[in-house]
1. Considering only residues that are of a type in the set (A, V, I, L, M) and assigned to a helix (DSSP H, G or I), which ones fall in the stretch A:166-207?
2. Among the residues of the stretch A:274-287, count how many are in contact (Cβ under 8 Å) with a residue 60 or more places away in the chain and either in contact with a Leu (Cβ under 8 Å, 6 or more places away or on another chain) or within 14 Å of chain B (Cβ to nearest Cβ) (or both).
3. For the stretch B:15-50, how many residues are touching a residue at least 40 places away in the same chain (Cβ under 8 Å) and out of contact with any strand residue (DSSP E or B) (no Cβ under 6 Å at 6 or more places or on another chain)?
4. Could you check the stretch A:243-286 for strands (runs of 3 or more DSSP E) lying wholly inside it with 1 or more residues that are in contact with a His (Cβ under 8 Å, 6 or more places away or on another chain)?
5. For the stretch B:218-228, enumerate the residues that are more than 7 Å from chain A (Cβ to nearest Cβ) and outside any loop (DSSP other than H, G, I, E, B).
6. Given (1) outside any loop (DSSP other than H, G, I, E, B); (2) open to solvent by less than 50 Å² (accessible area, probe 1.4 Å); (3) among the hydrophobic types (A, V, I, L, M, F, W, C), where does residue A:42 come up short, assuming only one miss?
7. Just need a number here: residues in the stretch B:114-166 that are hydroxyl-bearing (Ser, Thr, Tyr) and more than 26 Å from residue B:17 (Cα to Cα).
2 protein chains.
Amino acid sequence: MVINWGILGTGRMVKRMVSAIQSSDQGNILAIASRDKNRAHLFAQTNNIPTIHENYNHLLSDSNIDVVYIALPNHLHKKWTIESALHEKHILCEKPFAMDVQEATDMFSACEKQDVITMEGFMYRFNPILTKLKELLNKNSIGELKFVNFSFSHEITKYLNDKDNYRYYREKGGGSLYDLGIYAINFFNFLFRDKFPKILRTNASLINSNGADLTFLATLLYNQNVICNLTSSFLFYGNYLLLSGTKGIIEVNHLTSPSQKTILIKNTKNEVIFKEVIPFFDHFKAQIDHINDCISLDQKPLIKKEETLNTINIINLLDENLRKNNIDNIF
Amino acid sequence: MVINWGILGTGRMVKRMVSAIQSSDQGNILAIASRDKNRAHLFAQTNNIPTIHENYNHLLSDSNIDVVYIALPNHLHKKWTIESALHEKHILCEKPFAMDVQEATDMFSACEKQDVITMEGFMYRFNPILTKLKELLNKNSIGELKFVNFSFSHEITKYLNDKDNYRYYREKGGGSLYDLGIYAINFFNFLFRDKFPKILRTNASLINSNGADLTFLATLLYNQNVICNLTSSFLFYGNYLLLSGTKGIIEVNHLTSPSQKTILIKNTKNEVIFKEVIPFFDHFKAQIDHINDCISLDQKPLIKKEETLNTINIINLLDENLRKNNIDNIF
């Protein structure tokens with residue numbers, strides 16, 4: 001069975017997703033739509049996409065398309081997810097799924113009503129490293145897990161003056177928390193089976209003149225009494241996950257990237273007692289294969305409504321904390 | 001010139017300090033004093049210490065002793081530093097120097113009045129790794145420094161029920177912040193030349209029934225707009241320092257230990273671009289040599305009054321934050 005894909009938007013991740021669809025077992029790209037005519041043409045040509053639509057509704061009206069990938073700025077996810085559902089398209093929508101819980105609830109309602117599959121895109125969840133990490137934790141390789149330190153930060157200030165980049169505008173769902181920190185929240189969801197944290201604190205942040213945070217630090221406590229630190233930033237580099245237990249520590253870098261990664265476990269004497277190299281794995285393709293399977297086999301996707309609502313609820317609350325007067329904003 | 005040392009207390013670090021004094025260029029151990037007669041005898045015998053005093057004042061009355069090392073529980077530092085000064089002994093006092101700024105001020109006044117040298121013990125400051133780290137930062141090896149993530153934590157819950165261990169009593173200056181987190185503050189002092197942070201926040205903590213924190217998390221912002229995260233705990237293992245810059249990251253484990261350590265620098269692609277092994281270095285001995293030199297050459301010690309007052313002021317304020325109602329205490 002061939003699953004035909006359409007793409008809304010020409011954002012940063014689209015190139016990778018196009019090649020993932022093209023290399024997927026059942027996927028086929030039919031069309032792309034962008035408000036920027038020249039950009040869409042160039043993009044379609046470079047990436048061998050047969051049809052270009054200058055308007056999103058045109059693409060959605062194409063009855064050959066089974067599923068759309070929504071790569072638009074975050075504040076447009078709601079509108080175009082609902083439009084896609086109304087056109088009876090299945091949907092893979094980039095994270096964050098929505099700006100807030102109300103938007104997400106409306107989006108899921110529309111999809112349920114139209115009986116289409118919808119999933120928030122978190123490609124790294126399809127990487128085998130996650131199963132491996134859970135296995136290592138379950139077999140007590142660092143004793144009892146007590147503290148998680150997750151930083152997902154990269155320096156992208158060269159784009160700071162790019163007015164087209166939604167990441168620098170709060171009203172478009174920008175900011176490092178929504179763009180990068182959300183991966184930490186998603187990972188905590190994965191670890192703690194979608195529990196809502198007992199405590200969430202926003203520790204510090206740096207906000208630009210458009211209200212978007214450029215750096216965000218938070219601490220969360222989950223029911224299992226595990227303390228989790230989140231760091232996200234557009235201003236510096238730091239892409240690591242450290243899992244501290246009573247008997248040792250697990251270290252992983254670049255968790256969310258498809259590139260080759262190494263899991264290290266060290267004991268309390270700083271000796272490496274376990275090392276496993278996880279080879280390059282195209283989790284973009286794996287995510288597309290998963291959506292294709294869900295469509296052809298009529299199954300529920302891995303990242304379910306409840307998880308997405310939990311993720312958005314948490315980032316909303318952290319963001320609200322940030323806006324309260326008693327939070328230190330660092331300029 | 002021989003410098004004769006006396007030791008007050010038989011705490012955890014004393015064994016190491018005894019061997020440091022014995023191996024130092026000018027140092028000689030004359031006596032140890034402990035309130036626990038049997039313990040003192042056993043300790044003196046095992047460590048070849050000629051004289052045992054059953055009371056601290058006896059030791060201080062020994063006119064052959066030039067300098068005392070104070071290894072008593074933190075709440076006794078003030079009394080015995082002042083007593084030592086009154087007996088015209090020079091003083092190396094374990095960190096934290098005092099319970100609060102007022103105590104420390106009184107202690108320094110007494111020492112100045114008696115014209116004796118006094119220094120807060122931070123042995124790792126004599127390790128060559130510190131100069132190396134500053135050199136790497138100064139030559140821009142990770143671009144501009146923006147974020148420091150320092151965790152000094154080890155699991156020592158087996159001692160949790162030891163009523164003799166002052167670490168588990170707030171009124172004796174216990175808690176992970178005063179015991180371990182203070183190293184992070186001291187390191188930030190070193191990095192930022194004793195500046196007082198613009199912002200300090202206590203993020204989370206876990207307090208035992210004696211009011212001592214077993215885990216402590218804080219965020220500080222220094223004048224250079226560098227955000228610093230501190231984690232200390234008695235409940236899990238995590239002994240790392242991560243320095244994030246605009247172009248890369250410096251990783252060091254077990255910074256405060258004399259053991260062999262590796263400095264790694266990674267670029268934003270997670271590639272190791274610099275590696276240097278710092279061999280085992282007995283910074284306990286180096287600290288003793290330094291105090292001996294200060295005494296014989298009548299020089300000021302490395303860690304000065306202003307720095308110690310700054311350190312204590314910061315940990316006091318972080319601890320006060322913790323006690324305020326609006327801070328989440330995690331049980």
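1. Let us first name the residues in the stretch A:166-207 that are of a type in the set (A, V, I, L, M), namely A:177, A:180, A:182, A:184-185, A:191, A:199-200, A:204, A:206-207.
Scanning the stretch A:166-207 gives A:177, A:180, A:182, A:184, A:185, A:191.
2. So the first thing to find is which residues in the stretch A:274-287 are in contact (Cβ under 8 Å) with a residue 60 or more places away in the chain, and the list is A:274, A:276, A:278, A:281-287.
Those still in the list that are either in contact with a Leu (Cβ under 8 Å, 6 or more places away or on another chain) or within 14 Å of chain B (Cβ to nearest Cβ) (or both) too: A:274, A:278, A:287.
Number satisfying all stated conditions: 3.
3. Going residue by residue through the stretch B:15-50, those that are touching a residue at least 40 places away in the same chain (Cβ under 8 Å) are B:16-17, B:19-21, B:23-27, B:49.
After this cut, where a residue has to be out of contact with any strand residue (DSSP E or B) (no Cβ under 6 Å at 6 or more places or on another chain) as well, the list is B:16, B:19-20, B:23-25.
Residues meeting the conditions: 6.
4. On the way: elements: A:248-253, A:261-267, A:272-278.
It comes to A:261-267.
5. Of everything in the stretch B:218-228, those that are more than 7 Å from chain A (Cβ to nearest Cβ) and outside any loop (DSSP other than H, G, I, E, B) turn out to be B:218, B:220, B:228.
6. Of everything listed in (1) outside any loop (DSSP other than H, G, I, E, B); (2) open to solvent by less than 50 Å² (accessible area, probe 1.4 Å); (3) among the hydrophobic types (A, V, I, L, M, F, W, C), residue A:42 misses just condition (2).
7. First pass over the stretch B:114-166, keeping only residues hydroxyl-bearing (Ser, Thr, Tyr): B:118, B:124, B:131, B:141, B:151, B:153, B:157, B:159, B:166.
Filter once more, so that each one left must be more than 26 Å from residue B:17 (Cα to Cα): B:141.
Summing the residues that are hydroxyl-bearing (Ser, Thr, Tyr) and more than 26 Å from residue B:17 (Cα to Cα) in the stretch B:114-166 gives 1.
Rundown of residues vs (1) within 12 Å of chain A (Cβ to nearest Cβ); (2) buried (at least 19 other Cβ atoms within 10 Å of the Cβ); (3) basic (Lys, Arg), yes/no style:
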{"site": "B:188", "(1), (2), (3)": "no, yes, no"}
{"site": "B:207", "(1), (2), (3)": "no, no, no"}
{"site": "B:211", "(1), (2), (3)": "no, no, no"}
{"site": "B:216", "(1), (2), (3)": "yes, yes, no"}
{"site": "B:242", "(1), (2), (3)": "yes, yes, no"}
{"site": "B:247", "(1), (2), (3)": "yes, no, yes"}
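The values are calculated or read from the model by the stated rules, or taken from the named source; none is laboratory data. Here the structure is a predicted model, which is why all the values come from computation and not from measurement. We place every Cβ from the backbone using ideal geometry, glycine too, and count neighbours over all the protein chains shown. Calculation scope for accessible area: heavy atoms of the full protein, side chains included, ligands and nucleic acids excluded. Shrake-Rupley method; radii C 1.70, N 1.55, O 1.52, S 1.80 Å.
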